[in-house]
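Below is one structure; the comments refer to it alone.
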Amino acid sequence: MKYSKKFQTSISALLLGFLFASCISNVEEQLEEQLEETKVSYINSVKPILEARCLSCHGAGGNFPDISSYEKVNAHAASVKEEVASGRMPKGGPLTAAQIKSIVDWVDEGALQN
Ligand code: HEC
């Protein structure tokens with residue numbers, strides 16, 4: 001069977017188009033993954049700060065708000081951010097600039113359970 005030159009050209013163009021489209025979507029996926037990875041992690045960054053500097057006063061049965069679990073921190077994320085950014089919390093000694101940035105960025109990124 002003989003295909004016309006024109007038909008062959010359109011098939012090649014179609015295949016190239018597919019290849020190109022799949023490359024683009026791969027690049028997009030990789031970029032999204034990288035963005036995810038650069039987000040502040042609750043488990044690795046925020047939780048350890050809260051445990052070390054907040055829970056002695058804000059654990060279960062302590063001062064309001066109780067921020068001893070992800071769900072509870074998430075429910076008070078805006079005021080946690082505000083208290084930390086303003087330097088009002090923690091009582092008894094400031095966080096480092098890097099610790100403050102971690103908490104503020106984490107809240108700004110949507111207070112994810114990450
Ligand atoms: C030494 C005890 C102590 C520590 C440590 C502490 N807090 Fe507090 N926090 C309090 C008390 C007491 C209050 C009640 C309001 C006040 O007295 O200022 C409070 C209030 C708050 C509030 C509510 C503010 C409002 O009025 O809406 C938030 C949010 C908060 N703290 C977050 C934190 C975070 C986050 C940390 C750790 C980075 C922290 N606190 C560390 C004692 C503490």
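Here the calculated FRET efficiency for Gln30 and Cys57, from their Cβ-Cβ distance with R0 = 30 Å, stands at 0.10, rounded to the nearest 0.05. Sparse packing (at most 11 other Cβ atoms within 10 Å of the Cβ) combined with a DSSP loop state is found for the following chymotrypsin sites (Phe, Trp or Tyr not before Pro) in segment 1-96: Tyr3.
Lysine pairs in the chain whose alpha-carbon atoms fall under 30 angstrom of each other, counting only those eight or more residues apart or on distinct chains, come to 15.
Using C-alpha pairs below 8 Å separated by at least 6 residues, the relative contact order for the chain is 28 percent. Note on the chain: the alpha carbon radius of gyration divided by the globular reference 2.2 N^0.38 Å gives 1.86.
Mean separation of Cα pairs under 8 Å and 6 or more residues apart, divided by the residue count, gives segment 52-114 a relative contact order of 23 percent.
Just so you know, all these numbers are worked out from the coordinates, no wet-lab data involved. Just so we're clear, the structure is a prediction, and the values are computed from it rather than from any experiment. A quick note on method: Cβ atoms are made from the backbone with ideal geometry, for glycine too, and the neighbour counts reach across all protein chains shown.
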